[in-house]
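The values are calculated or read from the model by the stated rules, or taken from the named source; none is laboratory data. These numbers come from a predicted model, not from an experiment. So basically every Cβ, Gly included, is an ideal-geometry build from the backbone, and we count neighbours across all protein chains shown. For the accessible areas, the whole protein counts, side chains as well, though only heavy atoms, and no ligand, DNA or RNA atoms are used. Shrake-Rupley method; radii C 1.70, N 1.55, O 1.52, S 1.80 Å.
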Amino acid sequence: MKNIVIFGAPGSGKGTQSDLLVAKYGFKHISTGDVLRAEIKNETELGKTAKGFIDNGQLIPDSLMIDILAATYDALGACEGVIFDGFPRTIPQAEALKAMLAERGTAVSTMLELDVPDDMLIERLINRGKTSGRADDNEETIKKRLKVYKDQTAPLAEWYEKEGLRHAIQGFGSLEEINAKLCAVIDAC
Ligand code: ATP
Ligand code: MG
């Protein structure tokens, strides 16, 4: 079973490429952003807590996020593989993921990084905001999210480099082109 981390800035295309990989390989997909948005929609206690952070462009605290991830993972059941989209976002989360998988006799197989320049990310997210209905897809919050990404999440690229798992891919061009590059890495791991 493969455990694939898809990594990149907000708007880098993690969700879009995850859907293509799910269709091709039959993997299951954990998007922590989707999990949190479902909690908000259902007006759960967790959703109420998460909303304050998300609408402000901030990350949900690690301890809470790590518990959510483990519960989501354990609920998946048997499958060909899992794509982790939006997790880990901090070094403590990466360490927790490593430990959680080790406890279950498995490990991250590869980390796929989508590299997209900032101006393109901002343009994509502003456009997405016109139809997504997401409270965090507005220019002010987008800029905060990119700063949070640079400060807290981008250092993870080095962390995965040291683990020997990092594969950086150009995240612009046609969807098919990007998908083909991701598949080549997956097929080799
Ligand atoms: P993309 O556009 O590539 O899907 P994104 O940053 O727009 O990425 P999500 O991954 O959907 O969006 O996450 C939305 C918000 O949910 C984040 O800004 C953050 O507040 C919260 N969140 C999601 N995953 C995590 C996590 N692993 N740790 C902390 N907060 C998280
Ligand atoms: Mg997403």
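Side notes on the structure shown:
- Failed item in (1) open to solvent by 60 Å² or more (accessible area, probe 1.4 Å); (2) in contact with a helix residue (DSSP H, G or I) (Cβ under 6 Å, 6 or more places away or on another chain), with Asn179 passing the rest: (1)
- Residue check for Lys24: more than 8 Å from ligand 1 (Cβ to nearest atom) and touching a Cys at 6+ places or on another chain (Cβ under 9 Å): yes
- Odd one out for Gln93, checked against (1) in contact with a strand residue (DSSP E or B) (Cβ under 7 Å, 6 or more places away or on another chain); (2) within 17 Å of Gly8 (Cβ to Cβ): (1)
- Test: residue in region 138-145 that is of a type in the set (Asp, Glu) and open to solvent by less than 80 Å² (accessible area, probe 1.4 Å): no
- Among the conditions (1) modelled with pLDDT of 95 or more; (2) among the aliphatic types (A, V, I, L, M); (3) in a loop (DSSP other than H, G, I, E, B), the only one that Ala135 does not satisfy is (1).
- The single condition from (1) of a type in the set (Asp, Glu); (2) surrounded by fewer than 17 Cβ atoms within 10 Å (Cβ to Cβ); (3) in contact with a helix residue (DSSP H, G or I) (Cβ under 6 Å, 6 or more places away or on another chain) that Asp187 fails is (3).
- The C-beta contact set for region 171-185 (first residue more than 21 Å from Lys2 (Cβ to Cβ), second residue open to solvent by less than 30 Å² (accessible area, probe 1.4 Å), distance under 6 angstrom, 6+ apart or interchain) comprises Phe172/Val116.
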